[in-house]
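**Q** Structure provided below as structure tokens; questions to follow.
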Amino acid sequence: LIGVKNNFFDVGGHSLKAMQVVSRISKVFKVKVNLKDFFANPTIEALAHLIRTKEEQLFQDIVPVPKSDYYKVSHAQKRLWILNQFEENQIAYNISGAFRFENLDKQIFEKVLEDIIARHESLRTTFVTVDGEPMQKISDNALDLGIKLEHINLSEQNANEETVQQIAQKEMVTPFDLENGPLVRMKLLNLPDQIS
């Protein structure tokens, strides 16, 4: 049982869950509690006391912008777009990552990725020029941009760790096309037993 004196982080809570709790507190109790407050008061008892001391504020949901062909870019996006205009095939801002899985159900994994891409517009965004200004263009689905999980079966090849490193290195230095996209790439490598 979890009681009012149990520490949120000792019973399995983490920073992402803490952000959700803080948001829910704002919405339900109409008070502003920030993450620092939450970390300093990680029990229900301490949070209840903190909430009682806070002044009530109006909670505002984030309202989606109306559907449009194009959307304004943020200052950070504009800066990156300008840098890309000066030097095409820019890879300085590529972010890459690799993970190893065991007993992965490829169909479920692919479905999860599709759901994530469908949910988050930023993964379906490209940048185009409209009247000389950069704008965001959001595709309705991943297939419009050619976003898909590429499967590479190395299990029946004479592949080794160096082969995997070469594939990863090539991905890291391959630039993205900001205008045509996609701006996300995924590869699933099926590895031989000796390098799994």
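**Q** Please go through region 24-68 and pick out each residue that is in a loop (DSSP other than H, G, I, E, B) and either of a type in the set (Val, Ile, Thr) or in contact with a Gly (Cβ under 7 Å, 6 or more places away or on another chain) (or both).
**A** Those that are in a loop (DSSP other than H, G, I, E, B) and either of a type in the set (Val, Ile, Thr) or in contact with a Gly (Cβ under 7 Å, 6 or more places away or on another chain) (or both): 33, 43, 62, 63, 65.
**Q** Something else about it: Pull up region 46-71, narrow it to residues that are aliphatic (A, V, I, L, M) and over 16 Å from residue 31 (Cβ atoms), then point me to the one that is most open to solvent (accessible area, probe 1.4 Å).
**A** Only one residue tops the list, namely 62.
**Q** Can you report the number of residues in region 110-122 which are of a type in the set (D, E, K, R) and open to solvent by 80 Å² or more (accessible area, probe 1.4 Å)?
**A** Number satisfying all stated conditions: 4.
**Q** Here's something else I'd like to know. Name the residues in region 11-26 that are open to solvent by 40 Å² or more (accessible area, probe 1.4 Å) and under 23 Å from the mean Cα position of the chain (by Cα), would you?
**A** 12, 14, 15, 16, 17, 19, 20, 21, 23, 24
**Q** Moving on to the next point. Within region 123-161, which residues are surrounded by 11 or more Cβ atoms within 10 Å (Cβ to Cβ), small (Gly, Ala, Ser) and modelled with pLDDT of 90 or more?
**A** Of everything in region 123-161, just one residue is surrounded by 11 or more Cβ atoms within 10 Å (Cβ to Cβ), small (Gly, Ala, Ser) and modelled with pLDDT of 90 or more, namely 139.
**Q** Does any residue of region 120-129 turn out to be in a loop (DSSP other than H, G, I, E, B) and over 14 Å from residue 180 (Cβ atoms)?
**A** yes
**Q** Here is a follow-up. Is it the case, given these coordinates, that residue 95 is under 25 Å from residue 74 (Cβ atoms) and part of a helix (DSSP H, G or I)?
**A** no
**Q** Shifting gears a bit: Is it the case that residue 90 is assigned to a helix (DSSP H, G or I) and closer than 19 Å to residue 175 by Cβ?
**A** Here the answer is no, as residue 90 does not meet what is asked.
**Q** Checking the conditions here, which among 29, 8, 38 is within 24 Å of the chain's Cα centre (by Cα) and either exposed (fewer than 11 other Cβ atoms within 10 Å of the Cβ) or modelled with pLDDT of 90 or more (or both)?
**A** Only one candidate passes the filter, namely 38.
The values are calculated or read from the model by the stated rules, or taken from the named source; none is laboratory data. On a predicted model such as this, the values are computed, not experimentally measured, just so you know. So basically every Cβ, Gly included, is an ideal-geometry build from the backbone, and we count neighbours across all protein chains shown. With ligands, DNA and RNA removed, areas are computed over all heavy atoms of the protein, side chains included. Shrake-Rupley method; radii C 1.70, N 1.55, O 1.52, S 1.80 Å.
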